[in-house]
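Here is the structure we will look at, set down as structure tokens.
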Amino acid sequence: MSTAEQDRPATGDPAPSLAGRNRAAKVSGFFALGAVASLGNFATGIAWLNPGVFIGMAALCALIAVPAGHVGRFRGRRLGGDGRGLALAGIVTGWLVLFVCALAELAFLGLMAGLAVLVDHA
């Protein structure tokens, strides 16, 4: 038997997929990717038309990715490690995106406060 025949699933078995049966890990990875893509729109210039929407979208996706990643890690432990890496990537990416969104919000508030001080002195 060759190695190609050994790696192939038997008839009737489902084909192996990314994260297997761990749907929470897939959801976490999907929303983490969505959050990064939402922030990535600032590089293309389209997000500068309405940055609040894109920051809000990224934060919402990250807020979904983090708990789904924790659920995926827990389920991965029960499934013998199936999807735990993808769930961890979703958790880490979600927290990093939330950090970037918080920095963007603080920068916006600082800009508005600085402009308010300039207008009051004029």
Region 23-121: proportion of alpha-carbon pairs further apart than 24 angstrom, %: 34
Rounded to the nearest 10 Å², the accessible area of L111 at probe 1.4 Å: 100
In range of the label at I46: residues from region 90-112 whose backbone nitrogen is under 11 Å from the point 7 Å along Cα→Cβ: none
Listed peptides 62-69, 78-85 by packing density, highest first (mean Cβ within 10 Å): 62-69, 78-85
Virtual spin-label span in nm between L96 and L63, 7 Å along Cα→Cβ: 2.2
Net lengthening on full extension, V53/R78 (0.36 nm per residue, minus Cα-Cα): 5.2 nm
Peptide ranges 88-97, 51-60 listed from the most packed, as the mean C-beta count within 10 angstrom indicates: 88-97, 51-60
Förster radius 25 Å - calculated FRET efficiency between R23 and E105, Cβ distance, rounded to 0.05: 0.20
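The values are calculated or read from the model by the stated rules, or taken from the named source; none is laboratory data. The structure presented is a predicted model; accordingly, all values stated were derived computationally and were not measured. All Cβ positions, even for glycine, are placed from backbone atoms using ideal geometry, and neighbour counts span all protein chains on display. Surface accessibility is based on the protein's heavy atoms, side chains included, excluding ligands, DNA and RNA. Shrake-Rupley method; radii C 1.70, N 1.55, O 1.52, S 1.80 Å.
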